[in-house]
Structure formats: structure tokens, C-alpha cells
Amino acid sequence: MTAMSNDMRHVTEADRAHIWHHLLQHKALETNDPRIIVKGQGMRVWDQNGTEFLDAVSGGVWTVNVGYGRERIANAVRDQLIELPYFAQSVGSIPAALFSERLLEKMPGMSRVYYANSGSEANEKVFKMVRQMSARLHDGRKWKILYRERDYHGATIGTLAACGQAERAMQYGPYPDGFVSVPHCLEYRAQWDVEDYGRRAADAIEEVILREGPDTVGLLCLEPVTAGGGVIVPPAGYWDRVQEICRKYDILLHIDEVVCGMGRTGEWFGYQNYGIKPDFVTMAKGVASGYAAISCTVTTEAVFEKFKDASDRLSYFRDISTFGGCTAGPAAALENMLIIEEEDLLGNTKAMGARIMANLGALMEKHAIIGDVRGAGLFVGAELVTDRSSKEPVAEADAQRVVAECAKRGVMIGVTNRSLVGFNNTLCFSPALIATADDIDEITEAVDGALTAVFG
Ligand SMILES: Cc1ncc(COP(=O)(O)O)c(C=O)c1O
């Protein structure tokens, strides 16, 4: 570690004095310096002390899919900003049109893109569309929105109403009506003793629909792989049944691809692993790998057509996102997508995903504290338990000590964080899609050392 320069001391003190960080208990910063990341290149980042880290969480929250230091994205954004930085999306822009065309080529069956600038906002748009369809087309029926335990859809009051993570939603209510939870589908924490677990977990959604009244339910909103709720890949049979249930009761299916979108699972979108046909797909984080803010709410022509009744002056989607008109987002997103294609990062994600799963699987033999390893592509979780037979979760503080020990070894990993009461015990790995075999091995070696340091 090199000594901090005076300039960096100044920055650090300015941060300590003025920044209100996300998801952070600030008491700790009264005695410790805030960490400031000053540079990134490829898979690596450096802090204000010059300490290097291998970033196994793509910017902390599964975002920088193509890695740091991509000059071609920066150049595309720069060129676009000089040409035209902004105009409200009630009119068009060149990168918005061109990116939507490229994006929809990857999403057969989908045909319209609504731009905004965060995952929360993208999801709120869907909720608003569903409520408007309920008001206009269903006489106020079909207004309820189903979400799943352990899933997360954003930080606004509306999306927190659809939050399956109790600790994220606590103390921020009361919430709007009409949001109803369905059971999670994590087989490791099984709620039913059956063979065909995927089908049973999906049947539980039907039970909720029947309880609420099918006529009241307009939307089912699901993550393709639950992210911050513990990296949950739905079991075989789940998605076919989900699709069947949505068709049976005329319920629109919304897949929240804010984390899985743009390659993280080894397909362009997580739902494409399962052969389902959603009515809405939302995405944000990886769309431009964090080089610019962008989110997309994507839907079908059938949904879009419902907002075009010229005889009703309120029939269209009367919504705006000011910064949905920033051209930097789609300009960066276009380059980001080209990089994923040209470098076959989907192929790399599958290969490296298999490697990290295998490495963590091998660590399970050595560390009984690892109860379960699960994931899809470069999106992997390891659930820590004090005892494999009782599956008692480790304390949240201990899981966080593992993260700190990995950082001491030069590797940043993640952990479920103030999300689920008593179950913030899953380590998260989501390196950039450019990760090499050496990077993967470095990550799991750090985990090995960290687990030994914390649990012996
Ligand atoms: C699955 C999912 N949906 C939505 C969001 C919200 O995205 P944003 O923080 O961009 O509003 C997140 C953020 O972590 C997420 O994980």
C-alpha cells in the first residue's frame, strides 16, 4: 500500500464530510476512511491508497459487464455528446433508434423500447402501464401485481411495494395497495417435500391467484434468477408452469432483467435460458455496463397497441423520464453490445461460469460452512451455513467478515446485505464477462483463504 497523496487526503475528507453513501451505516466512517475507487482497468480497480482489487462484483452491483477502461465506449459517448447530448424522448434521437433496433434483434417477440435511467424506474413503468390498462380496458379489474418472496425490483416506494426482501422494505411504508407476494422457489430452503419442486413452486403462484381472484390480477413480476435475494435459479419445470399459469388466467408476465440482462447468465437475457415469452422485460445495469445511465422497459406490439386509442384523450402512456432522453445511454449501449458480440462474451460467460461453479464446488469439500452453491453463467452465489444438516445460516456479520477477508486478499466479492430477515448469508460472485480462468481461480483462492481465516 502506498501513502495517500495530499490530493487524495483532500478527496477522502470531502467524501467523509459530504457524501451520503448508498446502503451504508455511516457510523463506521467516523473511525475508518471511506473507500474511494479512483481507477478501473479490465477486471481491476484501485482505491485512493493505490491498493489494487480484482473486482468480482462488476462495480459492486453486477453492472460493469464488459469491464473497465473501454475507450471505444467513451469515444462513442463523447462523439454523441458533441453532436447532441439530450432531447426529451417525446421526439427521437439517432442512438435511441439504432440501439432499440439492435436490442430487439436479440429479443424475438418483443417490439417496443421505453427509455428511462434506472432499474427501479423501468419497473415502475410496467406497473403504471398495467394500472392504466386496468383502468381503461378492464373496468378497474386486473390491477394487482404479483411479486415473489426474495425478489427485488427497486428502491422507490412503488417498487418497494413489490419487494420480496423484508429488510429492504421495512420502515419505508406504508405502501400502495394491490401488490401481493407469491412464495419463493429456492429448493435448498424447500417449502414442500415433493419430487417435482419447480412445478410445485409455480403451482404456489396459482394458489395465490385463485385466492386473490384471477380477475383482479394483471401482472406477475419475476427475476429470471433472483439476485440480491440469494442468487436463486428456479428449478427445472418452474418456468413452463409459470407461462402456463399466466396464459390460463390472462396475466401479463414481466421479467425483471435488471441484473441478468445483457449477458450475465451466458444468454443475452436470463429468460432466454428457459424458452418463455414475457410480455414485459426490464433492464438497466449491464445495458451500458455503467458507462452511462440507461434503462429500458421493453414490451410486445400487443401491449403497445393498447395505448393507441385516438378516441380517448387519456389513452396513451402519459409518462416521461427526463433523463430517458440522454443520448449517452443508447450510444454507450450500442458499443457495449458490439463488444459482447465481437469478443464472444456470452461464450466466455458460459465457460467461466462453469469454472467458478466447479471451483466453488471443490471448496465445498474443504469448507463445511458452504451449504449450497448455485448460479447461472457469471452470476453465482454460495450460501454459508453453520451446519449442513440443520442449514442454520451463518450470522450476517460473519458473512461480511468473509467479504472483508477477501478484500484483504485483493478480491472484492459481494454478500446479500440487509435483505432477508436472518438470511443475509449468501456470498455473491458476478465478475465482468471478460473474466479469464486465472481471474476465476484468483477469486476462489481468496474465498478459500477468507473462509479459513473466519471459520478455521
Ligand atoms: C433485479 C433488480 N431489479 C431492479 C433493481 C433496481 O435497479 P436500480 O438500482 O437501477 O434502480 C435492482 C437493483 O439492484 C435489481 O437487482
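Values in this text are rule-based calculations from the coordinates and carry no lab data. All values reported here derive from a predicted model rather than from experimental measurement. Virtual Cβ from ideal backbone geometry, glycine too; neighbours counted across all protein chains shown.
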Going by a ≥ b ≥ c, the root eigenvalues of the Cα gyration tensor, does segment 84-171 fall in the rounded group (a/c under 1.5), the prolate group (a/b larger than b/c) or the oblate group? prolate
Sorted largest first, the Cα spans of the chain on the principal axes come out in Å as 69, 61, 42
Computed on Cα atoms, Rg of segment 16-56 relative to 2.2 N^0.38 Å comes out at 1.31
Partner lysines for residue 350 [C-alpha distance under 19 Å; skip if fewer than 8 residues away on the same chain]: 106
Long-range amide H partners of residue 295 with built H, under 5 Å: 116, 117, 118
In this model, which of 39/408; 142/391; 366/408; 27/128; 125/285 are farther than 28 Å apart at the alpha-carbon? 142/391; 27/128
Exposure proxy ranking, count of Cβ atoms within 10 Å, fewest first, for 157, 320: 320, 157
I need to check one value: relative contact order of the chain, counting alpha carbon pairs closer than 8 Å and at least 6 residues apart, in percent. 20
Under the definition of Cα pairs under 8 Å and six or more residues apart, what whole-number percent is the relative contact order of segment 71-342? 29
Of 372, 55, 312, how do they rank once you tally other Cβ atoms within 10 Å and put the fewest first? 312, 372, 55
Rounded to the nearest 5, what % of the DSSP beta bridges within the chain are antiparallel ones? 65
How big is the C-alpha Rg of segment 71-342 next to the rule-of-thumb value 2.2 N^0.38 Å, as a ratio? 1.00
All other residues with a Cβ under 13 Å from the Cβ of residue 391 taken together, and with Lys, Arg as +1 and Asp, Glu as -1, what is their net charge? -3
Residues 46, 20, 143 arranged by fewest to most Cβ contacts within 10 Å: 20, 46, 143
